[in-house]
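So the structure is just underneath, and the comments pick up after that.
The values are calculated or read from the model by the stated rules, or taken from the named source; none is laboratory data. Keep in mind that this is a model prediction, so the values were computed, not measured. Cβ coordinates were reconstructed from backbone atoms using ideal geometry, including for glycine residues, and neighbour counts include every protein chain displayed. Surface accessibility is based on the protein's heavy atoms, side chains included, excluding ligands, DNA and RNA. Shrake-Rupley method; radii C 1.70, N 1.55, O 1.52, S 1.80 Å.
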Amino acid sequence: MLEPHAGGTYAQLLACARAAEDARYDAFFRSDHLYFPASPPRPALEAWTTLAALARDTTRIRLGTLVTPMTFRHPSVLAREVSSVDEMSGGRIEIGVGTGWFEAEHTSLGIPFPPLGERTDRLHEAVEVITRLWTGQPVSFSGAYYRLDGAVALPRPIQDPLPLIVGGAGGARNARLAARFAAEFNTTSTDAAGAAQRYAAVRDACTAAGRDPATLRLSWMGTVITAADEAGLSRRIQRAAGWLGSSGVPAGELRSRMEVNSVVGTYDQAAERLRGHLDAGAERIYARLWDLDDLDQISEFSEELLPRALR
């Protein structure tokens, strides 16, 4: 899981994707942001454009976003974009969806940023529009924010259904949306105990909706920084800080900050933290990597950290 809006070229993304594919990762995901608060400004490659390119430049690994905000694109346009990239990839695309949260990003680009209640309403309507359009059948829809009159979105995705991921904190409306439409519920910005509580809320929503909770995959996304020893770990933390614009922060403080709601430590330390998320119910882990030039961390995660966590 990469955050290329913090800086990065397509060549860097492709190198990471191919390294992940070589290391037998299941999937390669990226954020869907258009802006990073840095001076001077940094490149911020658009998400679905780069996924379309990666669809042609990779062969096996699954590709997707965590998460695409419904504030950026009309759902009928987004449905076509996703199904188009799914065809280009041979059926390897997934999409995570959310309300959008970064107000400064919207303000700087002139994109409306309504209150959270309205953004949530828009998300619910948009997900229904998108999933109905993916059927290939004519869709008429009259909601508070979106209206379609016999719309048809072809080609259909190769996958039936194309996996849709609902991201969030497991609030009541968020949980109901996941229970109704999602193949996966993803959460972030929490430790293992917090994730377990969110998973329980989503499982309860599935039961209330008459859905078998076992049919909804649960996942966690967070920063992963690990190394064989403390010296290597400190170097990686400092390099990640450079990408985050925190280079001047003392190393100890940096580590304390990053350890909150993240998997940071030497192999054994990080494995214990990762094991906590697996025990909490996570069936898929998205390892967020900040340093796009450190390809070794990709293979080390799969060869060193994950086997320790699964012991």
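Filtering Thr120, Thr68 for residues that are closer than 25 Å to Arg217 by Cβ, open to solvent by less than 30 Å² (accessible area, probe 1.4 Å) and either out of contact with any strand residue (DSSP E or B) (no Cβ under 8 Å at 6 or more places or on another chain) or among the small types (Gly, Ala, Ser) (or both) leaves a single hit, Thr120.
In region 254-281, the residues that are over 11 Å from Ile225 (Cβ atoms) and among the polar types (S, T, N, Q) reach residues that are modelled with pLDDT under 95 and open to solvent by 10 Å² or more (accessible area, probe 1.4 Å) with C-beta atoms within less than 8 angstrom, at least six apart or across chains, in these pairs: Asn261/Ser189. The sole residue among Ala214, Ala209, Ala228 that is in contact (Cβ under 8 Å) with a residue 40 or more places away in the chain, open to solvent by 50 Å² or more (accessible area, probe 1.4 Å) and either touching a Leu at 6+ places or on another chain (Cβ under 8 Å) or among the hydrophobic types (A, V, I, L, M, F, W, C) (or both) is Ala228.
Residue pairs whose Cβ atoms lie under 8 Å apart, separated by 6 or more positions or on different chains, with the first residue in region 10-27 and over 18 Å from Glu304 (Cα atoms) and the second open to solvent by 40 Å² or more (accessible area, probe 1.4 Å) and acidic (Asp, Glu), are Gln12/Asp293; Leu14/Asp57; Ala17/Asp57; Arg18/Asp57.
Note on region 139-185: enclosed strands (runs of 3 or more DSSP E) holding 3 or more residues that are more than 19 Å from the chain's Cα centre (by Cα) are 139-142, 147-151.
Among the residues of region 31-75, those that are assigned to a loop (DSSP other than H, G, I, E, B) and of a type in the set (Phe, Trp, Tyr) comprise Tyr35, Phe36, Phe72.
If you go through region 149-166 and keep only what is open to solvent by 20 Å² or more (accessible area, probe 1.4 Å) and touching a strand residue (DSSP E or B) at 6+ places or on another chain (Cβ under 6 Å), you end up with Asp149, Gly150, Ala151, Pro163.
Residues of region 222-278 that are assigned to a helix (DSSP H, G or I) and of a type in the set (Gly, Ala, Ser): Ala231, Gly232, Ser234, Ala240, Ala241, Gly242, Ala251, Gly252, Ser256, Ala270, Ala271, Gly276. Taken over region 171-198, the criterion of being buried (at least 23 other Cβ atoms within 10 Å of the Cβ) and of a type outside the set (A, V, I, L, M, F, W, C) is satisfied by Asn174, Asn186, Thr187, Arg198.
Residues in region 14-29 that are touching a helix residue (DSSP H, G or I) at 6+ places or on another chain (Cβ under 6 Å), part of a helix (DSSP H, G or I) and either open to solvent by 20 Å² or more (accessible area, probe 1.4 Å) or over 13 Å from Glu300 (Cα atoms) (or both): Leu14, Ala17, Ala19. Yes or no: Ser89 of a type outside the set (Val, Ile, Thr) and in contact with a strand residue (DSSP E or B) (Cβ under 8 Å, 6 or more places away or on another chain)? Yes.
A quick yes/no check of all residues on (1) closer than 30 Å to Arg42 by Cβ; (2) in contact with a strand residue (DSSP E or B) (Cβ under 8 Å, 6 or more places away or on another chain); (3) crowded, with 18+ Cβ neighbours inside 10 Å; (4) touching a residue at least 12 places away in the same chain (Cβ under 8 Å):
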| site | (1), (2), (3), (4) |
| --- | --- |
| Glu105 | yes, no, yes, yes |
| Ala126 | yes, yes, yes, yes |
| Thr131 | no, yes, yes, yes |
| Ser140 | no, yes, no, no |
